[in-house]
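The structure appears below as structure tokens.
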């Protein structure tokens, strides 16, 4: 009665904690229908086989499959920014449920869940890694091992917002690697990489390449929200 449940989107009263009201839920841009099997972006039409978007066909991806439950707009963007910059940790549980639900991956039981890392200066400034919170919640729900410190962002990269695709990939060159003490743990293990948002895929590609260098097996990626290309 003192702290009634509030909608995670608009703050209105709801029946249960850590959920959305009917209005916010109806306006949440879930990714449905046919999607690119590598990055999770929505595609027109239907298909009985895996299909790929133009970007993934042109550049390739250093992972096997990728998914996102949301498009990065509207309510979804508000939730991501609240989690990323607003200390809205209460969003994690609902977000992890959506991310697990969007994954078609038949992950082996020896798979390890890894978050995309923050540089230490950004981690100190923000006080938490939102990708690690999502990855930990997903690992718990999927019964998989969670290793939050396997990947290291050892070079402080500039903000990628507003940069071109090529500039994003160039900025991430040699910026992320596997922590030497974790190499043996990751060798020959399947990996699920977790991040909050995917735009070009440059950060995830850098993480996936680091895992390949450490001789991991199949690599899968999942993000909370996928930025869609402008029409």
Of those in the stretch 219-231 that are part of a loop (DSSP other than H, G, I, E, B) and out of contact with any helix residue (DSSP H, G or I) (no Cβ under 9 Å at 6 or more places or on another chain), the residue surrounded by the most Cβ atoms within 10 Å (Cβ to Cβ) is 227
Given the conditions (1) in contact with a strand residue (DSSP E or B) (Cβ under 8 Å, 6 or more places away or on another chain); (2) modelled with pLDDT of 95 or more, which single one is not true for residue 100? (1)
Out of the residues in the stretch 199-218 meeting the condition of being farther than 24 Å from residue 42 by Cβ and in a helix (DSSP H, G or I), tell me which one is nearest to the chain's Cα centre (by Cα). 206
Out of all the residues in the stretch 161-198, which are without any contact (Cβ under 8 Å) to a residue 24 or more places away in the chain and either over 19 Å from the mean Cα position of the chain (by Cα) or at positive phi (or both)? 162, 163, 164, 166, 167, 170, 174, 180, 181, 184
Just to be sure I understand the filter: pairs with C-beta atoms under 6 Å, separated by 6 or more residues or on different chains, first member in the stretch 130-145 and farther than 15 Å from residue 225 by Cβ, second member surrounded by fewer than 23 Cβ atoms within 10 Å (Cβ to Cβ) and at pLDDT below 95. Which pairs pass? none
Can you tell me which residue within the stretch 30-60, out of those that are touching a residue at least 40 places away in the same chain (Cβ under 8 Å) and closer than 15 Å to residue 99 by Cβ, is surrounded by the fewest Cβ atoms within 10 Å (Cβ to Cβ)? 30
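The values are calculated or read from the model by the stated rules, or taken from the named source; none is laboratory data. Since we're looking at a predicted model, the values are computed, not measured. When we count neighbours, we look across all protein chains shown, and the Cβ atoms used for this are built from the backbone with ideal geometry, even at glycine.
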